[in-house]
Amino acid sequence: MKKISVLLCLLCLASPAHAAAPEEVLSNWYTVLLNLVRHTATYSPPVAARSFAYFGIAAFEATASGNTKLHTLAGQLNGLKTLPMREAGKTYDEAVVLNAALDAAIHDFFSNTGPTGQHVMAVQSSAMKARVASGLSRDVIQRSERFGVTLEKAILEWSKSDGGAVITNLGFPEHYSVSKEPGHWVPTNQYQLQQHPLLPNWGKNRPFAMPNAAACSLPPPPSFSEDPQSEFFKQAREVYDTRNALTAEQTIIARFWSDDPGLSWTPPGHWVGIVLDLMQQRHLDAAKASEALARVGIAIADGFIGCWHEKYHYDFIRPVTFIKKNIDKSWDTLLITPPFPEYPSGHSSATGAATEALTAVFGDHFEFDDTTHERDGLGVRHFISFKQAAEEAGISRLYGGIHFRAAIVQGLQQGACIGRYAAALKMQQ
Amino acid sequence: MIAQRFAALWLIVIGLVPMMMSAAFADPIIPHFVDETSSSGIHSIYKGDWQYMVGGGVAAFDCEGNGLPDLFVAGGENKAKLFLNQSHPGGPLKFTEANNSGLEFDHVTGAYPIDIDGDGIMDLVILRVGENKIMRGLGHCKFQEMNSAWHIDGGNAWNTAFSATWEKGNRLPTLAFGTYIDTQFQDQPWGHCSDNWVLRPRADQSGYGDRIPLLPSYCTLSMLFTDWNRSGTASLRVSNDREYYMGGQEQLWKIEPDKPPTLYTEAEGWKYIRLWGMGIATADFNGSGYPSYFLSSMADQRMQLLAGGPTQPTYREAQFDMGTTAHRPYTGGDLRPSTGWHTQFEDVNNDGLYDLFIAKGNVDRMPDFAQKDPNNLLLQKEDGTFVEAGDKAGLLSFRNHRGAQLVDLNADGKLDLVVVTRRDTVRVWRNISDHLGHFLELKVQQEGNNRNAVGAWVEVKEANGKIMRRENFIGGGHASGQAGFLHFGLGALTETEFRVIWPDQSVSEWQKVAGDHFYVVNKDRSIVEWHFGK
């Protein structure tokens, strides 16, 4: 579906017949955003989630500023007191405002992308600017562009103080003391860059909607033990046995939700991609779509902050480390073990949060097709609800051999708790 | 007979082994290079923007017939240049630019020398953004395009990789071409990789048949026909840039005579590995009897050792243990991850151990990766690990490097270095070390097809009781290749023995030769000493 979407967008760019609608602006820039997340080296899942939150907020506020049925997020999100408003009585074009805001946001948040990303941004920027301005008076264009950019700059300024604005060394700290105590995280690969874990301070970032990073803290994981009768050992054995007897379907599920950074849109991008699919399949207008994108972005970003807070609190051992030492030294995972502590599962926390946000927008028992990895040859998966998709995303990490069951179960619960804050945001009058 | 002539000396050599063993774990000898770019007569800039962010290759081969490697350098948007080697043995590097060689094409990304028609004169495959050019050597450094005459489909793509092998029974080689991003999709390049392909000779060997696509293709930056399991039949290793593919991975193609190419699968042991594949180097640097591979990439580079034996192409990564991660600049203060391009195993200090060179340089204004990214010269120690010596060896450079060749440019048995740099002139360094070990340089040849014995393995006995092996291949690196003498360091040995496993799998006898000499080794004939100017 997204392949079609890109082609449609390119056809739109080539057609001078009529100006672009806000929905097209949203769809085009989000397509670029997802590709940039995949192809910008600093965009690990937490960083990607942050960008989806700010991008979603920019999209929603640009839309809400001209729509009396929508309610601004200013005053509801931590640290965001006010945002610029349009001049009363003046005419604005919704597509131009939205395009200016998203154009500015993508350039600001992806200033560090490579030459191809820069090239794509420049081409998109130029094409969309011309496309949205078609048939409009100069003063409307200028006023609309000015407002869109001003709005985005206010959001950018707010973003700078959240603790996640600067990423160095691709997120891996120069200095970090890896625990020598049993049961704690140790490096799981032999890449020099990843001998220290990813973004150990991400859990100290300012959240968006939840009051603080510990608002949805978790009980500890099962106590580490090398006793085969212990709960921990049983969970390790479950990972080992499951991995060794994976069915074809389980293998597909693991790969479908793998969402590796640098090779995919990442787990948060997977959920943003689902929203974009829904936008196209259900013909959502810009108001509905931007609300969904903002809610899911905020929920997932908070999900990662809350998850990382717990990860570095418990600093828990990965299955591959324990299993190789205690069960089978030749064992290996199906998926790449991420370079940071195990508990809780980041994908589960983010997915649990996304589920709450999307259920708030679309309702429960909402059926949809997930086409995210169609081009990767992993097919389309059908779900009868967001919850069903979340549960599959969670268990995929056990199939992949990278999480114990407790991290998945508790991760989903933490995500649900966090997501409820995003779901509670007042976004309609 | 050479064997008799050196028999007595060989006994002395054997006597040296204990002495070498006692020094086995000493730090490696650091060679000494000097930058002779400004005095060398070489000036060529690899110019261009987006479509020249990759490529920038150099081919080293003798087109004059004097035994010294001449250099063909890609220019991107500039015309490519051929530089004729006027150096004297052991002397400064001196080149003059050839005029009207027939190779002065624009949009060139790289090149590989290969004697396609087996006439004893080296031909050249030129990779371009556009149509590749297959240039037949006419002698005296003149070349003629043969795309049409040999029915070679040069394609019309962003060409970035090449390799060749002689399949059993064929007079002509099988040619493999690797391409990068589909240029039709410059505005949305991700996920749009153009097709790689293979050309096989027609049954009557009069030229080539239609292209055989290697699908799926995943934006390839290096490919190499290599006999990974020593079966006598080379497979095609393909290193791909994960930046642009979707659903892609590293690839190993089975290329068996009279069968369509097929990919090795996970079920057969091939692991699902994804990286920013930029270049391939190979050598049996650990004495396993099988080739190991080094894959240049961004951040951690990869060193792959065969773990599955000859029946399974399963590799374990060993860069961490061996000290070859080369993941960030080793000096200069820029701590961001680095970007590797051309890579090559050679023995630069003639101690009988393979060393490793990696050309480095930012793709282009990528702020998350090092801008000051020096090339690596990793010297192998006796314990099999590697230690960085680029700066100490005089090779420190913070330019934006791409293709390269470690090659003996002045016939003194010491490997020199030529490196193409983006938006800057190609650099050449002469190895002026006076304290290295002894060397041996061998040029393997055979009559008829595959005149330069591509696919042969040459084995040389080393003082430490080990054997240094080389696969004679065409391909790999980053858009850069060479043809000519194969270089071996001998350490303290003043003579040694070597043998050749020829492409038809026949094995020569061990033959004794003196160190510090060049030999032409003709299959089924006695070896001939080579001297410059004779």
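Some notes on this structure:
- Some residue of the stretch A:247-255 being in contact with a helix residue (DSSP H, G or I) (Cβ under 8 Å, 6 or more places away or on another chain) and part of a loop (DSSP other than H, G, I, E, B): no
- Restricting the stretch B:359-388 to residues that are within 14 Å of chain A (Cβ to nearest Cβ) and among the aliphatic types (A, V, I, L, M), the residue that is nearest to the chain's Cα centre (by Cα): B:LEU378
- Condition met for B:ASP368 (at pLDDT 95 or above, surrounded by 19 or more Cβ atoms within 10 Å (Cβ to Cβ) and part of a loop (DSSP other than H, G, I, E, B)): no
- Within the option set B:ILE121, B:ILE126, B:ILE134, B:ILE116, being surrounded by 20 or more Cβ atoms within 10 Å (Cβ to Cβ) and assigned to a loop (DSSP other than H, G, I, E, B) holds for one residue only, B:ILE116.
For (1) away from chain B (no Cβ under 14 Å); (2) at pLDDT 95 or above; (3) within 22 Å of A:MET427 (Cα to Cα), each residue gets a yes or a no:
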site: A:SER230; (1), (2), (3): yes, yes, no
site: A:PHE233; (1), (2), (3): yes, yes, no
site: A:ALA236; (1), (2), (3): yes, yes, no
site: A:TYR240; (1), (2), (3): yes, yes, no
site: A:PRO261; (1), (2), (3): no, no, no
site: A:ASP285; (1), (2), (3): yes, yes, yes
site: A:ALA289; (1), (2), (3): yes, yes, yes
site: A:ALA299; (1), (2), (3): yes, yes, yes
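- Just so you know, in the stretch B:140-182 the residues that are within 14 Å of chain A (Cβ to nearest Cβ) and over 23 Å from the mean Cα position of the chain (by Cα) include one that is surrounded by the fewest Cβ atoms within 10 Å (Cβ to Cβ), and it is B:ASP182.
- B:ASP351 vs. criteria in contact (Cβ under 8 Å) with a residue 24 or more places away in the chain and within 13 Å of chain A (Cβ to nearest Cβ): no
- Some residue of the stretch A:51-60 being β-branched (Val, Ile, Thr), in contact (Cβ under 8 Å) with a residue 40 or more places away in the chain, crowded, with 24+ Cβ neighbours inside 10 Å and within 14 Å of chain B (Cβ to nearest Cβ): no
- Filtered residue count, the stretch A:264-300, keeping only those that are surrounded by fewer than 21 Cβ atoms within 10 Å (Cβ to Cβ) and assigned to a loop (DSSP other than H, G, I, E, B): 3
- With respect to the stated conditions, A:ALA127 fails to be farther than 30 Å from A:GLY346 by Cα, surrounded by fewer than 22 Cβ atoms within 10 Å (Cβ to Cβ) and more than 14 Å from every other protein chain (Cβ to nearest Cβ).
- Any hit, the stretch B:380-396, residues being crowded, with 22+ Cβ neighbours inside 10 Å, touching a residue at least 60 places away in the same chain (Cβ under 8 Å), among the hydrophobic types (A, V, I, L, M, F, W, C) and assigned to a strand (DSSP E or B): yes
- For the stretch B:258-268, residues that are in contact (Cβ under 8 Å) with a residue 40 or more places away in the chain and either crowded, with 17+ Cβ neighbours inside 10 Å or among the hydroxyl-bearing types (Ser, Thr, Tyr) (or both) total 2.
- Residues of the stretch A:161-197 that turn out to be surrounded by 12 or more Cβ atoms within 10 Å (Cβ to Cβ) and within 13 Å of chain B (Cβ to nearest Cβ), as a count: 17
- Annotation for the stretch A:385-394: at least one member residue is farther than 19 Å from A:GLY303 by Cα, touching a residue at least 12 places away in the same chain (Cβ under 8 Å) and either among the polar types (S, T, N, Q) or crowded, with 24+ Cβ neighbours inside 10 Å (or both).
- If you go through the stretch B:335-349 and keep only what is at pLDDT 95 or above and among the charged types (D, E, K, R), you end up with B:GLU346, B:ASP347.
- A:TYR343 assigned to a helix (DSSP H, G or I), in contact with a helix residue (DSSP H, G or I) (Cβ under 7 Å, 6 or more places away or on another chain) and among the hydroxyl-bearing types (Ser, Thr, Tyr): no
- Residue in the stretch B:337-346 that is outside any strand (DSSP E or B), buried (at least 20 other Cβ atoms within 10 Å of the Cβ) and either out of contact with any Gly (no Cβ under 6 Å at 6 or more places or on another chain) or not hydroxyl-bearing (Ser, Thr, Tyr) (or both) present: yes
- Tally of residues being at pLDDT 95 or above and of a type in the set (D, E, K, R) across the stretch B:179-209: 4
The values are calculated or read from the model by the stated rules, or taken from the named source; none is laboratory data. Note that this is a predicted model, so its numbers are computed, not measured. We place every Cβ from the backbone using ideal geometry, glycine too, and count neighbours over all the protein chains shown.
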